[in-house]
Amino acid sequence: MEYVEKAHSIKGKTAQKKEEKKASKSKRWAVISMSSIPLVMTLGNSMLIPVLPELETQLGISSFQSSMVITVYSIVAIILIPLAGYLSDHIGRKKVIIPSLLIAAIGGLISGWASWKMNNPYWIILIGRALQGVGAAGAAPIVMPLVGDMFKNEDEVSSTLGVIETSNTLGKVLSPVLGAFLAGIIWFLPFFAFPAFCVISVLLMIFLVKSPKSKEKPLPFKEFLQKVKKIFKNSGRWLYSIFIVGVILMFVLFAVLFYLSDVLEKTYDIKDIKKGLLLALPLGALCFSSYFTGKIIKENKVLMKWITLVGIVVLALSIGALSFSNGLIFMIAMFFISGIGIGVGLPCLDALITEGIEKEERGTITSIYSSMRFIGVAAGPPVMAIMLKHTGSILFYILAGLGLLAAFITLVGIRPGKEAK
């Protein structure tokens with residue numbers, strides 16, 4: 001009898017282990033599928049940065065006009081992200097993400113078709129990019145609350161958000177190389193590549209991600225709005241601080257990428273794949289530092305704050321140092337260090353805001369945060385285009401000053417210990 005009981009016990013444990021292994025594998029594929037979205041959305045935007053000088057030549061437009069190809073995408077996303085967040089809280093994350101990816105794919109096809117078939121395609125390209133912005137609003141920003149819904153353990157949330165942010169930055173690493181390679185074949189090919197990536201992401205989301213169903217009925221809009229206002233009233237200080245720091249980091253990142261793309265081609269005559277590889281170096285630093293930071297921080301919110309602060313100070317010092325030399329190797333080295341600074345900060349900000357908000361409002365609050373980050377993405381290239389004409393080396397002091405401002409806001413505004421009490 002005892003032998004039979006032992007046999008049943010062993011059989012039960014074996015079955016449990018198999019079930020746990022299956023669940024772990026399922027979660028891993030879900031994380032990969034969710035990670036594909038920020039990767040694809042980043043490719044859709046950053047892949048065009050090395051193509052901008054060629055775009056100017058092909059269409060006969062100015063640097064400012066070419067920067068608007070990046071900016072219009074971001075402006076539309078900024079406006080629509082909060083709406084997408086609200087909808088995701090009420091109808092479900094996947095029901096917002098999948099149609100958004102399809103809209104983004106259609107936008108890419110419109111921009112590609114206009115570039116290929118029309119004599120003066122600039123305004124149609126912008127319309128296609130605006131549609132891509134609509135899709136971007138309902139895709140990448142909704143991944144953060146989806147992670148919060150799927151994982152209950154805070155260590156798992158932090159670690160997965162680190163992977164998501166790494167995927168985002170991996171997109172930035174691949175973007176210049178892939179964009180330069182595709183544009184080297186046909187200058188408008190990057191527009192057509194984006195819809196193909198979107199379709200892959202849609203298939204992964206449909207088959208491999210099972211988002212948990214909410215047991216609670218969604219609040220009426222009026223009550224929901226009151227609850228969001230209450231969150232900002234009670235937690236406004238640290239939320240606004242994270243928003244502002246997120247804006248500054250993304251502004252500096254995209255301003256630097258635009259500057260580097262412009263200088264490599266116009267000053268050093270470096271084009272195509274070589275240019276893409278050089279652009280990928282600081283972004284590679286950003287990618288790896290994001291990944292390792294996500295692994296380190298776990299649920300330690302105080303550690304998140306101090307890692308963010310150190311990263312921002314490193315960013316400010318490395319950007320400020322660029323005013324002392326215009327040598328190519330020195331410039332790439334400083335941008336590499338600044339990439340590390342941004343990379344350690346972003347996953348910490350993601351985790352702080354995702355873990356600090358209840359599930360019912362998480363989609364809306366994290367979407368407002370994503371919207372704020374898109375302001376930095378939108379403003380970076382055109383502001384840098386203007387500064388390149390009028391400020392000279394002072395632009396590095398301006399960017400470094402913004403970094404120090406972000407460091408100060410992190411120090412005084414983000415106080416996780418106090419919030420926990």
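The values are calculated or read from the model by the stated rules, or taken from the named source; none is laboratory data. None of these values were measured; they are calculated from a predicted model. Note: ideal-geometry Cβ built from the backbone for every residue, glycine included; neighbour counts use all protein chains shown.
Points to keep in mind about this one:
- Flag not set for Leu131, criterion: farther than 30 Å from Leu59 by Cβ and either of a type outside the set (Gly, Ala, Ser) or touching a Gly at 6+ places or on another chain (Cβ under 9 Å) (or both).
- Flag for Ile270 being β-branched (Val, Ile, Thr) and without any contact (Cβ under 8 Å) to a residue 40 or more places away in the chain: yes
- Among the residues listed as Ile231, Ile242, the single one being in a helix (DSSP H, G or I) and more than 18 Å from the chain's Cα centre (by Cα): Ile231
- Residue within region 281-290 that is surrounded by fewer than 22 Cβ atoms within 10 Å (Cβ to Cβ) and modelled with pLDDT under 80 present: no
- Those residues of region 377-394 which are surrounded by fewer than 24 Cβ atoms within 10 Å (Cβ to Cβ), part of a helix (DSSP H, G or I) and of a type in the set (Gly, Ala, Ser), in sequence order: Ala379, Ala385
- Matching option when the condition is modelled with pLDDT of 80 or more and not in a helix (DSSP H, G or I), among Ile70, Ile78, Ile61: Ile61
- Yes/no for Val228 being modelled with pLDDT of 90 or more and closer than 21 Å to Ile78 by Cα: no
- Looking across region 152-172 at every residue that is surrounded by fewer than 24 Cβ atoms within 10 Å (Cβ to Cβ) and in contact (Cβ under 8 Å) with a residue 60 or more places away in the chain, the one that is nearest to Ser211 (Cα to Cα) is identified as Val157.
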